[in-house]
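Derivation of every value follows stated rules applied to the coordinates shown; laboratory data play no part. Just so it is clear, the model here is predicted, and its values are computed rather than measured. Using ideal geometry, Cβ is built from the backbone for each residue, glycine included, and neighbour counts are taken over all protein chains shown.
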Amino acid sequence: MDSGRQGDRRAHRLLIPVLLMLLIGMTALLISEIRQNESMRAELRSILAESDSIREQKVCIDTEIEKLRKSIETVKNLPQEAETARQKFFEDASRLEKMVRDGNTDIKIAYLTFDDGPYEITDRYLDVLEMYGVLATFFQRGRDWNEYGAIYRRLALSGHTIGNHTYSHQIRGGIYRSVQTFMDDVLKNRKYIEENLGITTQVLRFPGGSGTAGSLKQGIIEELRKEGYAYVNWNSATMDGMYDLSADEYRDNVLNRTNGREFLVVLMHDYSKETLKALPEIIEGLEEQGYVFLPLFYESLAVNR
C-alpha cells in the first residue's frame, strides 16, 4: 500500500508541472486572443470612425454641390434678371422724361455721349463715371476684339448704353456712298456687338451727325426704322472732335452753353485726354445747374424714331 501511495504521489508531482505548462499556455493563448480581439476592436473603431468621417465629408460635399447648383441656376437667371431690371429702369426714366417735358419738375436731363470708341483710355472714362454714379451712352464702332474686348465687356456690365456708330466709321468715300452701303455697315456693327456681347443695339448716331448723310438722310432713316433703330444727334459738345483745346475750354464749352435746355445731349470722344480731365467738372457743373444724368434708350424723348 505504501508503495502504491508513493507511486501516486510521484505521478501527481509529474502531473502538476504539465498542468501548469498547459495552464500557462492556455493563459498565453487567451491573452493573445484578447489582445487580437482588442486590436480587431480598435481597428473596427477606426474603420467606423473613418466611415463617420466619410459620411460627414459626403454630407459636406453634397451641401457644396447643392450650393453650386443653386449658384449655377442664379447665374443662368442673371441675364433675364438684368434685362428685367434694365427695362424697369428705362420705364422709370421714361416717366421722368415726360415729367420734364410737361413742366412738372424743375429737374433737367443730360445725356453724356461718347463717340468712336472704344479706345485705350476708355477705362479711365468709365472710372470717372463710376465714381460719380453716372450712366452714359457710348456709340461704338467695330474695334479689334482681342485688343478691346475687355473694355466692350466692362461697358456692357456697367449698365451704360452701347449705341451703334457704324462698323467702319469711314465717312469719306465709304459709308455715305449709298443707302445700302450705310446700312450694310450699320448691320455689320450690330451683328458684331450681338455676337460678342449679346446686346442688340437700338440707338444709332450717324458718323458726323445725320446732316453728313446729305441727300441720303431720309432714305437711311426709313431703313433704320425698319431695323428698329432710333437715332440721335446732339445739342451740346466739348468740341474735342474739331479743336485741340484745353480741359478748361472743353468744360466751358459745355457748362457755359447749356442755355437752360431741359434735355441736353452732350457730344464727347473717349480718345481725348483733355476731355477726360474736364469730365469731373462737367458732371459737377451740370449737377449744379439742376441736371440729372440718363443713358439714352430707344423710347427716350431725346432720340428720333
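Dipole size of region 82-225 about its Cα centre, with +1 on Lys/Arg Cβ and -1 on Asp/Glu Cβ: approximately 320 debye, rounded to the nearest 20. Distance between the 7 Å Cα→Cβ label points at ARG177 and ARG225: 2.8 nm.
The ranking of VAL265, VAL100 from fewest to most other beta carbons within 10 Å of each one's beta carbon is VAL100, VAL265.
Ranked by how many other Cβ atoms sit within 10 Å of their own Cβ, fewest first, the residues LYS188, LYS273 fall in the order LYS273, LYS188. Dividing the mean sequence gap of close Cα pairs (under 8 Å, 6+ apart) by how many residues region 106-293 holds gives a relative contact order of 30 percent. Look at ASP116, ASP62 and count the other Cβ atoms within 10 Å of each Cβ; fewest to most, that gives ASP62, ASP116. Peptides 155-163, 236-244, 208-216 ranked from most to least packed give 155-163, 236-244, 208-216, packing being the mean of other C-beta atoms within 10 angstrom over each peptide's residues. Relative contact order of region 121-180: 37 percent, from C-alpha pairs under 8 Å at least 6 residues apart in sequence. Modelled spin-label separation between ASP102 and ALA42, with each label point placed 7 Å from Cα along the Cα-to-Cβ direction: 8.7 nm. Its alpha carbons give region 106-293 an Rg and a Dmax of 16.2, 46 Å.
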